[in-house]
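For reference, the structure is listed below as structure tokens.
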Amino acid sequence: MKSEISNLKLSVKSYGCQMNKLDTALVISALQDAGFSLTASVKDADVVLINTCSVREHAEQRVISQLGHLKHIKINKPDLVVAVIGCMAQRLGDKLLEHEAVNIVCGPTQIPQIAGLLKQALEKNEKCLAVTEKILLKTSESQNQTLETFESTYGIESSTNFHNSTIHSQYQHDKSLPHHKLRQSSVKIGAGQIPSQAFVRAMRGCNNFCTYCIVPYVRGPEVCRPPDLIIEQIKKLASEGIKQVTLLGQTVNSYKYEKNGRTWCLADLLDAAAAIEGIEWLRFVTSYPSEEFFDDILHVMAASPKVCNYLHLPAQSGSDKILRAMNRHYSAAWYLELLEKARTIVPGIAIAGDFIVGFPGETEDDFQATVELLTKARYKNSFIFKYSPRPGTTADKRLKDTVPPEVKQKRIAALLTVQEKVSGQLSRDFLGNQVKVLVEGLSKKAHINTAGGKNNPQLVGRTATDYIVVFNGPYSLTGQFANVKITKTSPLTLFGRLIKDFDL
Ligand code: 5AD
Ligand code: SF4
């Protein structure tokens, strides 16, 4: 029987969006506090924790196949505890607990209990279920309070937002390692966060009920965090060396909080965060196309050099008929007007989109309307998904998944081709320009880019407008700002040469 948590090793796997990555980081921080230490290898682990996503079926299938693999490992390692947390845990509850490999099922609202649940599973060898029964109802005050305390306790360390710190610093000092080793060595344990960058939740849940989407059913109704706690958290992160903060919410632009007779919106949060010393760049994702607060947010973006000129504004479809069936509250023409307004108020703003192809009833004409919208929108990049029916959603209950898989495949490929063309054109505009990037670390892929010091590894950074920039430079630049001259472009990546201070 294992009861000494201080000797236990934890292996973590995380799927899904930024929101999930943030949850993973908070859970890791809490479990390290409880005495666990991280391992990158499942074979060495006493506990395997999987943070899951339910947005598309594919993400769930990957978890199921991983659980199959863990079931085999458990034959020789019966004491191994497997905890499934997050959206899939909430969606499947006790059905998931029936899986032979699973010891703990813990929904997103119960993550503050995770250390206690693990202790229980380790000591008593019991299966534990912790999910919210009626998640569509308003979350209770005590539940919100518990989540808030968890968030403020574990969301303030830069290490929460960057778990590679030990590995990272080890290599900062080891200049003798060849580049491919350096790349391999930045093992992704934890949530794979980036130094000097942090994610801060502005709001939880969603009230929108787009007919295809599982999020309101697994994360519950919208709850905005108090602005003073968000600002306090950002101040603490800044004091730990965090330079970039990304505010998170499913519809973060609708952030609203009443306090002492004043309504705080996202623009107010950005304004207050921009005043914090040490914070240099502020971002926010994801936005819902809506007029409310839109101008205020754009004006703050235009006025503050700290608020990055970037907007992630999913359209989902260009067909008004499909938008109605999706319960999105806008038309394609209105959406394009919104983009125009954004570009007028913030010249040079980069906009990214999301699309779903093959939604029930999507005809060739509907799809062509999406192609048209995407072409006109001139997105920097788009995330394009095939419709995946999610059990319990309105679309799944009321509409038949009519578009055959091969048609969905054809449409996704066609849309990606159009986007690639637009992205290629926009990227080419950077040729010869100098850009400022926040360096994230070693580039994951070795690109053929010989511009600049061959004795340095290939690094990757992002511009304020979210362009990915690859260049050679010293590893010690990780987490720092750098200037890069763009010498080559591809649709999704800019390549360049580091500009040394004396070049300026
Ligand atoms: N099928 C396919 N894509 C989906 N998304 C959300 N739900 C589904 C679904 N059921 C996409 C939307 C959303 C992104 C996070 O995932 O485009 O913006
Ligand atoms: Fe899902 Fe729509 Fe809410 Fe986004 S806005 S999380 S797509 S329900």
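The values are calculated or read from the model by the stated rules, or taken from the named source; none is laboratory data. Please read all numbers here as calculations on a predicted model, not as lab measurements. Note that we place each Cβ from the backbone using ideal geometry, even for glycine, and neighbour counts take in every protein chain shown. What goes into the accessible areas is simple: the full protein's heavy atoms, side chains included, and nothing from ligands, DNA or RNA. Shrake-Rupley method; radii C 1.70, N 1.55, O 1.52, S 1.80 Å.
Laid out as a table, the results:
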| quantity | calculated |
| --- | --- |
| Residues Asp365 and Ser152, FRET efficiency given R0 of 56 Å [Cβ-Cβ distance, rounded to 0.05] | 0.65 |
| Compactness index (Cα Rg / 2.2 N^0.38 Å), segment 28-67 | 1.42 |
| Protection proxy ranking, peptides 371-379, 200-208, average beta carbon neighbours within 10 Å, highest first | 200-208, 371-379 |
| Peptide ranges 91-98, 233-240 listed from the most packed, as the mean C-beta count within 10 angstrom indicates | 233-240, 91-98 |
| Diffusion coefficient, µm² s⁻¹, Stokes-Einstein with Kirkwood Rh over alpha-carbon pairs of segment 48-153 at 20 °C and 1.002 mPa s | 150 |
| Local net charge near Val223, Cβ-Cβ under 14 Å (Lys/Arg +1, Asp/Glu -1) | +1 |
| Cα-based Kirkwood hydrodynamic radius, segment 1-74, one decimal, Å | 13.2 |
| Accessible carbon and sulfur surface of the chain relative to its total accessible area, %, 1.4 Å | 51 |
| Alpha-carbon Rg with Dmax, taken over the chain, Å | 22.9, 65 |
| Positive-end residue of Ser54, Cys17, Ile412, charge dipole of the chain with Cβ unit charges | Ile412 |
| Order by protection proxy (mean Cβ within 10 Å, highest first), peptides 348-354, 457-463 | 457-463, 348-354 |
| Unmatched cysteines, the chain - criterion: no other Cβ of a Cys under 4.7 angstrom | Cys17, Cys53, Cys87, Cys106, Cys128, Cys206, Cys224, Cys265, Cys308 |
| Gain in span if fully extended, Lys400 to Asp44, counting 0.36 nm per residue against the direct Cα distance | 123.6 nm |
| Whichever lysines have a C-alpha closer than 20 Å to that of Lys256, once near sequence neighbours (fewer than 8 apart) are set aside | Lys138 |
| Charge sum, other residues only, whose C-beta stays under 13 Å from Thr417's C-beta, Lys/Arg counted +1 and Asp/Glu -1 | +2 |
